[in-house]
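To keep things clear, I will list the structure first and then write my remarks on it.
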Amino acid sequence: MASVGPLGRIARLGSNICRSQRLIYSRSSQRRGIASSIDPAHGLTDEQKEFQKVAFDFAANEMAPHMAEWDQKEVFPVETMRKAAQLGFGGIYVQPDVGGSGLSRLDTSIIFEALSTGCASTTAYISIHNMCAWMIDVFGNSEQREKFCPDLCLMEKFASYCLTEPGSGSDAASLLTTAQLKGDHYVLNGSKAFISGGGDTDVYVVMCRTGGKGPKGISCLVVEKGTPGLSFGKKEKKVGWNSQPTRAVIFEDCAVPVTNRLGAEGQGFNIAMKGLNGGRINIASCSLGAAHASVQLARDHLLVRKQFGESLSNNQFLQFKLAEMATKLVASRLLVREAAKALQENRPDAVSLCSMAKLFVTDECFNICNQALQMHGGYGYLKDYAVQQFVRDIRVHQILEVSQNATIQKETTNEQHCRVNLTNRRERLCKSGTNHH
């Protein structure tokens, strides 16, 4: 799929949609109250509204009806994701010449938010897959792009991102997995932890140490499933994200061709961080979708649930709570979309905004989902009700893509560096006798 065009045509053809009653998405301009105030189509172009509609329709028809089953049976929904890829969702921001959709970061956020209303866990994996495909597209040479990207964009093959290790999580620069150059191959030894899709996916984008200590000694290799020396740990039992398998990825004298290295030696950490900038926006967008769905579920429950002889929707305290949830949702969406635009435009504030969006939005959206569960009372704790799954699935969003504590530390450190640089500049100006205001 080359660009927005096919998504737009699909949107116009998709008029006969049977929506899930649990996840009602109202676009009526005459609908008042919460539904209209949190409408995620506000401010979008007509084209963006079209592919947003495609994503919402796919979420309602292909994902939401199966979300609970995928969670309970721990199903990795390969065929459903391949259907999503047919709509262009396998390589959303990959370039069209290798099969991608060529859309912007903002477009991508819009799509992931919509898909997450149907299943946040599955959408989160799709977002990781997209990040890996983008990294190969941007940092790979023409041969690498042509070899890997078309199959990834069609989701004929699936990708995993391998950075975290048992001893290095947020401190990614301290990773220990080594890759020693021997002739025309690197020999990998080490392991990666908590890898989404691990064992079930086909392509592993691996950060490994080819040089000395620190970030400059890290390179990026693409390791293909079936490579001798590549193995996997047991499937982890998780609180949420059960529609995607998580395993350790283990390298024991694993020989990988030099031709599978992305970029130059020592460029791996830079590649990893650039991938994570977009990854933070993607995961925040998945949180938005879960929160959006949870606000609607809470609203619908308050309308039908009666206590003390009247509907809970007439309770002023709950009305205030719902208004707060809606406010935090809209504020979160605005921050994510601003960060997405900054990253697309390569603005100086892009990295900080991506970190801010991840920090703020994953916290606030989890709180929204948790409050929605509370509004359901005891029913919210039952697996028959979707709200509890949204709570479980997005809790991990506050941990991955650099944990919240590390994100706070990073932002604080950036601010301190700015202050130090400003102080040093003032001292230099004073010494030179120059007076600047």
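Residue pairs, Cβ under 9 Å, 6 or more apart or interchain, first in the range 218-237 and surrounded by fewer than 16 Cβ atoms within 10 Å (Cβ to Cβ) and part of a strand (DSSP E or B), second polar (S, T, N, Q) and modelled with pLDDT of 95 or more. List them.
GLU224/ASN260
Considering ALA41, ALA55, which residue is assigned to a helix (DSSP H, G or I) and either touching a residue at least 60 places away in the same chain (Cβ under 8 Å) or open to solvent by less than 30 Å² (accessible area, probe 1.4 Å) (or both)? Quick ask: steps written out before the conclusion?
On the way: ALA41 fails: assigned to a helix (DSSP H, G or I).
ALA55 is the lone residue from the list that is assigned to a helix (DSSP H, G or I) and either touching a residue at least 60 places away in the same chain (Cβ under 8 Å) or open to solvent by less than 30 Å² (accessible area, probe 1.4 Å) (or both).
Could you please tell me which pairs satisfy a Cβ distance under 7 Å, a separation of 6+ or placement on different chains, a first residue in the range 138-160 that is touching a residue at least 12 places away in the same chain (Cβ under 8 Å), and a second residue that is part of a strand (DSSP E or B) and small (Gly, Ala, Ser)?
LEU152/ALA159; SER160/SER196
For LYS238, only one of the following conditions fails: (1) within 26 Å of the chain's Cα centre (by Cα); (2) over 30 Å from ALA55 (Cβ atoms). What is its number?
That leaves (2) as the condition not met.
I'm trying to understand the selection: among the residues of the range 238-267, which are in a helix (DSSP H, G or I) and either without any contact (Cβ under 8 Å) to a residue 24 or more places away in the chain or within 24 Å of ALA173 (Cβ to Cβ) (or both)?
VAL258, ASN260
In the range 86-104, what count of residues is obtained for those that are surrounded by 24 or more Cβ atoms within 10 Å (Cβ to Cβ) and part of a helix (DSSP H, G or I)?
Number of matching residues: 0.
Conditions tested, residue by residue: (1) open to solvent by less than 20 Å² (accessible area, probe 1.4 Å); (2) touching a helix residue (DSSP H, G or I) at 6+ places or on another chain (Cβ under 6 Å); (3) not in a helix (DSSP H, G or I).
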{"residue": "PHE269", "(1), (2), (3)": "no, yes, no"}
{"residue": "ALA272", "(1), (2), (3)": "yes, no, no"}
{"residue": "SER285", "(1), (2), (3)": "yes, yes, no"}
{"residue": "HIS292", "(1), (2), (3)": "yes, no, no"}
{"residue": "ALA298", "(1), (2), (3)": "yes, yes, no"}
{"residue": "PHE320", "(1), (2), (3)": "no, no, no"}
{"residue": "ALA323", "(1), (2), (3)": "no, no, no"}
{"residue": "LYS328", "(1), (2), (3)": "no, yes, no"}
{"residue": "ARG333", "(1), (2), (3)": "yes, yes, no"}
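Somewhere in the range 237-256, is a residue modelled with pLDDT under 95 and either touching a Leu at 6+ places or on another chain (Cβ under 8 Å) or on the phi > 0 side of the Ramachandran plot (or both)?
Here is the first cut: in the range 237-256, the residues modelled with pLDDT under 95 are none.
Within the range 237-256, not a single residue is modelled with pLDDT under 95 and either touching a Leu at 6+ places or on another chain (Cβ under 8 Å) or on the phi > 0 side of the Ramachandran plot (or both).
Given (1) open to solvent by 60 Å² or more (accessible area, probe 1.4 Å); (2) not in a loop (DSSP other than H, G, I, E, B), identify the lone condition not met by PHE390.
(1)
Collect the residues in the range 70-85 that are closer than 16 Å to LYS157 by Cα and either among the small types (Gly, Ala, Ser) or in a helix (DSSP H, G or I) (or both), keeping them in residue-number order. Explain how you work it out, then say what you get.
Applying the first criterion (closer than 16 Å to LYS157 by Cα) to the range 70-85 yields 76-85.
Scanning the range 70-85 gives VAL78, GLU79, THR80, MET81, ARG82, LYS83, ALA84, ALA85.
Here's a check for you: in the range 335-352, which residue that is within 24 Å of SER37 (Cβ to Cβ) and either free of Cβ contacts under 8 Å to residues at least 60 places away in the same chain or not β-branched (Val, Ile, Thr) (or both) is surrounded by the most Cβ atoms within 10 Å (Cβ to Cβ)?
First, pick out the residues of the range 335-352 that are within 24 Å of SER37 (Cβ to Cβ): 335-341.
Okay, now just the ones that are also either free of Cβ contacts under 8 Å to residues at least 60 places away in the same chain or not β-branched (Val, Ile, Thr) (or both), so 335, 337-341.
Numbers: LEU335: 21, ARG337: 22, GLU338: 16, ALA339: 32, ALA340: 26, LYS341: 16.
Across the range 335-352, the extreme among qualifying residues is ALA339.
The values are calculated or read from the model by the stated rules, or taken from the named source; none is laboratory data. Since the model is a prediction, treat every value here as computed from it, not as a measurement. Quick reminder, even Gly has a Cβ in these numbers, built from the backbone with ideal geometry, and neighbours come from all protein chains shown. Quick note on the areas: whole protein, heavy atoms, side chains included, nothing else; ligands and nucleic acids left out. Shrake-Rupley method; radii C 1.70, N 1.55, O 1.52, S 1.80 Å.
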